[in-house]
Amino acid sequence: MSWFWFYLPLHLLMVACLCHSIKDPTTSSQQSFRTDLFNFYHSLILADGKETTVHLLKDIPKRYYFFLEEGRALAPFTVTVTPCDVPIEWSILVHKASASFLGKAARGDRDTQEVSQSQKAPSMVSTIFNYKGNSVETYMGMSSHSALYMLEFLSTERDTHITVYLTTDTTSGHLYPELPMDPRIDVIGIGHTTVTLTWKHSPSVLQHRENIQYCLLVNEKHNYKSLCAAETAIRSSGMKLPPALALSLSPYLLEPQQVMILSNNELSIINRVSSGEVRQICMGTKNTYTVPNLSPSTQYYFDVFVVNLLTNASAAYTGTFARTLDEPEPKITELKDGKVIQVVLDGKKQKSYSLQYQARHKKIQFTFQLCRGQVRVHITKNGKTVASENISGLRYFSLKGKLLDTYLVQVRSTEETNSSVKVQVSPHFHKPLFPLLPESLKIKSFSKLRTCNSVTIAWLGTQEESKYCVYKKKIEDDQIWMELQNADRCSGPESRHKSEKVLCKYFYDINLQRAVTTETIKGLDAGTLYLFDVYLFGPSGIPVRYHSKVVKTRKKC
């Protein structure tokens, strides 16, 4: 077996020799240590100066080794372990042997098949560090003799993973950004939908501003002790998280449950998970931040991480939590018979609006016309819910009750953009404020009938004779989305320029199957996008706008 010793690398040869140098163990830990050393070729050597990811199986210990050679007096080293999920147990054991023996082992005769008993060196195995928990923990040690170290890791709850960082070079900067002496996050302001936070600067930010940034994690569940733990929790909820999102601004694909927002040099990722939203916000080197768009009366947990953009390593401040203020009682507006009120909701500031009506008749009808955005309506009668649904287009609610019944109407925006809706209540069923509507408010265009200077459109009518007006507007490709998204479906032709008017016509048909009209609009430019709108006017003169239609004329004919 002499060839075996010949081809061993020097540091592994030392390990092998150390295995033979251990005296009979006096404790179970020494016995385990000796067995591990003897089977060193099955072990893993821990890299110096590099972060290592270690995967642990439940109840199965995993061991890593590193060797510190003699040559420097009091050689320092540090080991940092970051649990990425559940608490773990880990310890550091050290085996020391004499330098003279190690020198002999390294220079030994290649033909020697075994180390004689007389060559045994004084040795000692001892545990120098133990830890159990899920916090990021760093051990700082000093070695005055050549020694072999073993790190043992164990997870007793479930399979998990951790990161381990060993360095023997304590003079050339830090892989992990430094935390200030006071790593707490201070809450300096609380509103109904905002929380303002501040924290002391990391020394790393002051020294390497261009390579360091702060990232904030916001969630409704609990604080996280590392960015690694936070990302693991998000992934375990069924979502694939971009690797070290907060640590790198390079492009990547978002999952369907994720929303990315980039504004004012701040990158935000909103992860929609089963336990609520988890937001990651990176704000450069600012150490004061106001978190927007929170829900009232809700407790949030805030964690700040200082991140090294070059190494993707991070350090966690001590997390905090705060509860937003209770939602203020909404102002209640009185509804009057026949009067139309237009409610405008700011999706970020004022999301709901309340209206109250005291019935003067047993039968009443509420009418809602959605103008913009997405709105949900909730109607109660004397405190009991009688209707609740999202509004689309024009919607009527016919209700029966008693005289002086009190109706409360709550209108709520269901998205963060501005929303608007018209509301009317009336006892006069035979005098509707809005015109009779067709089955669909869509405008159809005929591709085969398009020419370079004309397009043909069609729309449905009703059994009631009504007035229809057609308007057109030139638009560019990059304007389509904005025009369709921001269209005010309650606005009438009075908001349009006179030059956009094409025509007005009256028509109806008793047979709904034939209540369709077409119109060919001529005098258009070739290869040009046009936005077409149709307005329907009823007896009261209040218009209803059909859904806008974008059509492009042919470029060549």
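We did not get these values from a lab; they are worked out from the coordinates using the rules stated. Everything quoted here is computed from the prediction, not taken from an experiment. Positions of Cβ are backbone-derived with ideal geometry, glycine not excepted, and every protein chain shown enters the neighbour counts.
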So THR385 and THR318, fully extended at 0.36 nm per residue minus their Cα-Cα distance, gain in nm 19.6 nm
Of the listed pairs LYS339/LYS444; LYS221/LYS422; LYS339/LYS362, those with alpha carbons more than 27 Å apart are LYS339/LYS444; LYS221/LYS422
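What's the magnitude of the charge dipole for region 406-519 around its Cα centre, counting Lys and Arg as +1 and Asp and Glu as -1 at the beta-carbon? Answer in Debye, nearest 20.
Values: 17 positive and 14 negative charges, 79 e Å.
Magnitude of the dipole: close to 380 debye.
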Restricting to aspartates and glutamates and to Cα separations under 19 Å from LYS448, and discarding same-chain partners fewer than 8 apart, the set is GLU519, ASP525
For region 523-540, Karplus-derived ³J(HN,Hα) couplings (6.51, -1.76, 1.60; θ = phi - 60°; whole Hz; x for glycine and proline) come out as x, 9, 8, 5, x, 10, 7, 10, 9, 10, 10, 10, 10, 9, 10, x, x, 7
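Figure the gain on full extension for THR198 and LYS556 (residue separation times 0.36 nm, minus the Cα-Cα span) and round it to one decimal in nm.
122.7 nm
Anything over 20 Å Cα to Cα? Flag those among LYS50/LYS200; LYS474/LYS505; LYS473/LYS501, in the order listed. Could the numbers behind the result be given before it?
Values: LYS50/LYS200 28 Å; LYS474/LYS505 22 Å; LYS473/LYS501 9 Å.
In this structure, LYS50/LYS200; LYS474/LYS505 lie more than 20 Å apart at Cα.
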Sorted by chain and number, the residues with a modelled amide H under 5 Å from that of VAL386, at a separation of 5 or more or across chains, are ILE379, THR380, LYS381
FRET efficiency (THR285, GLN479; Cβ distance; R0 30 Å; to 0.05) is 0.20
With x for Gly and Pro, the residue-by-residue ³J(HN,Hα) of region 210-223, computed from phi through the Karplus equation 6.51 cos²θ - 1.76 cosθ + 1.60 at θ = phi - 60° and given in whole Hz, is 6, 10, 10, 8, 9, 10, 10, 10, 10, 8, 9, 9, 6, 7
When the charge dipole of region 362-487 is computed with +1 at the Cβ of Lys and Arg and -1 at the Cβ of Asp and Glu, the Cα pointing farthest to the positive end, of VAL409, PHE446, LEU484, is that of VAL409
Amide H neighbours of LEU197 at under 5 Å, excluding residues fewer than 5 places away on the same chain, with H built from the backbone geometry, are ILE188, TYR289, THR290, VAL291
Pseudo-spin-label distance SER491 to LYS362, built 7 Å along Cα→Cβ, given in nm, is 4.5 nm
Within region 292-309, the residues whose backbone N lies under 14 Å from a label point placed 7 Å from the Cα of ASP182 along the Cα-to-Cβ direction are none
For HIS192, the residues 5 or more places away or on another chain with a placed amide H closer than 5 Å to its own amide H are LEU325
